[in-house]
Amino acid sequence: MPAVILSRRLPRLDRNVGLALVLIVELVIISALVPGYFSLGGLFDASRQFAEAGLIALGMTLIIITGGVDLSVGSLLALVSVTIGFSYQAGLSLATAILAGVAVGALGGFFNGVMVTALGLHPLVVTLATFALYRGIAFAVSKANAVSNFPPWFAFFGEKTIAHLVPVQLVCFVLLAVGFSIVLGRTAFGRRLYAIGHNELTARFSGVNTAAVKIAVYTLTGCLVGLAGVIYTSRISSARANAGFGLELTVIAMVVLGGTKITGGSGTILGTVLGVLILSYLQDGLAFAGVRSDSGLIVTGAFLIVAVLLNERFRKEPR
C-alpha cells in the first residue's frame, strides 16, 4: 500500500523531459569520447548537417499526426536541387532558379496530397510511387551530371554564420519550429490535424474539410523540402540528382523518436525538435568518435528501438 501511495504522489516523467535528459546524457558521453565536442562551436557546427532534415521533420510531424506519411521527401529534395542548378545553368538568374526550386517542392507536395485525397489512396502507396518518380525525373533532367558553378553569394544559405558562430540554417530551423509549434498548439488548423488523426470520419462529420487540410499539409511539407533543397545545394555548392538518399527514413525516425504517434492523432513540435537533436548528434558524435559506419548503424538502430519503446511507455496513462 505505501508503495502504491508513493507512486501516485511521484510526478509522472513527461516524455519531452525524458528526451531532453537523453540528449544531455548523450552529449556528455560523446564529449567524453571526443574531447572538445561539447562546446558551442562544435554543437553549432554540427547543426549545419541536420538543418535540412530538421526542416522537413517539421512538416512530416504534421503529416504523421493526420495519420499519413511521406516517403518521397528525399527524392523531392533531389529534384529541387536539380531544378535550381540546371535552371541556373540554362540561363535563369539564380534568384529565379531558387524560386523555381521552392515551387517544384511545393508542387511535389501538392501532387502527393491530391493523389492521397482525390483518389483515396493510402499515403504509403502514393509517396512510395512519387519516391521513384521524383528521383527518376531528377536523374533524367540532370543526366547524372552536377552543377557547381554558383556565384559566391549563394553560399549565404548553407555556409553563412551570424556573429561568426550561429549558422543561418539553424536560425531558420528554430524560427520555423517556433512558428509550427504555435500553429499546431494554438490554432484551429492544428486542432483539425489532431482530429483527423484521431478519427477522420468523425472529423469529417464535424465539418472539417479533411481533403483540404491534408492537401495543405502535404503542400506545406513540399515547401519545406524546397527550402531544405536550397540550403543543401548551397551548403555543398553542388546540384545533383543523388541528393537526399535515405533522408526520408531519417526524417521519419526523428519524428517518431520525438513522440509523434505513427498511427496519427498525437505529437508535438517540441518532441520532434528533440528527436532531431538526439538522432543528429548521435550520428555526428559516432562519426567523430571514429566508429565505423556499419557499427554506427547498429548503434543507431538499437538506440532508436529503445527510445521508441520508452516513448510508448511514457504515452500510457498510469493506472
**Request:** For region 49-245, restrict the atom set to alpha-carbon positions and state the Rg and Dmax in Å.
**Result:** 17.2, 54
**Prompt:** Distance from the Cα centre of region 63-142 to that of region 210-236, in angstrom?
**Reply:** 8
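Taking the Cβ of Phe38 as the centre, find all other residues whose Cβ is under 14 Å away and add up their charges (Lys, Arg: +1; Asp, Glu: -1). Don't jump to the answer; show the numbers that get you there.
Details: positive: none; negative: Glu26, Asp45, Asp284.
Residues close to Phe38 contribute a combined charge of -3.
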**Asked** Amide H to amide H under 5 Å from Val208: which residues, 5+ apart in sequence or cross-chain, H placed 1.01 Å off N in plane?
**Response** none
**Request:** Two decimals is fine: what is log10 I(q)/I(0) at q = 0.18 Å⁻¹ for region 206-262, from a Debye sum with one equal scatterer on every Cα and no solvent?
**Result:** -0.83
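If we count every other residue with Cβ under 13 angstrom of Val166's Cβ, Lys/Arg +1 and Asp/Glu -1, where does the sum land?
Details: positive: Arg48, Lys160; negative: Asp45, Glu159.
Net local charge, Val166 excluded: 0.
At 222 nm, what helix-only mean residue ellipticity would the chain give, in deg cm²/dmol to the nearest 500, using -39500 (n - 2.57) for each DSSP H run of four or more?
Details: 14 runs with 236 residues, N = 319.
Value at 222 nm, helices only, nearest 500: -25000 deg cm²/dmol.
What ranking do 212-222, 88-98, 47-57 get when scored by the average of other Cβ atoms within 10 Å per residue, highest first?
Descending mean neighbour count gives 47-57, 212-222, 88-98.
Treat region 27-151 as a sphere of radius equal to its Kirkwood radius over Cα pairs and apply Stokes-Einstein at 10 °C in a medium of 1.306 mPa s; give the translational diffusion coefficient in µm²/s, rounded to a whole number.
Answer, rounded: 95 µm²/s.
Every read-out reported here was derived from the displayed coordinates using simple, explicitly stated rules and does not represent laboratory data. This structure is a prediction, so every number in the text was calculated from the model and none was measured. Neighbour counts are summed over all protein chains in view; Cβ atoms, including those assigned to glycine, are modelled from backbone coordinates with ideal geometry.
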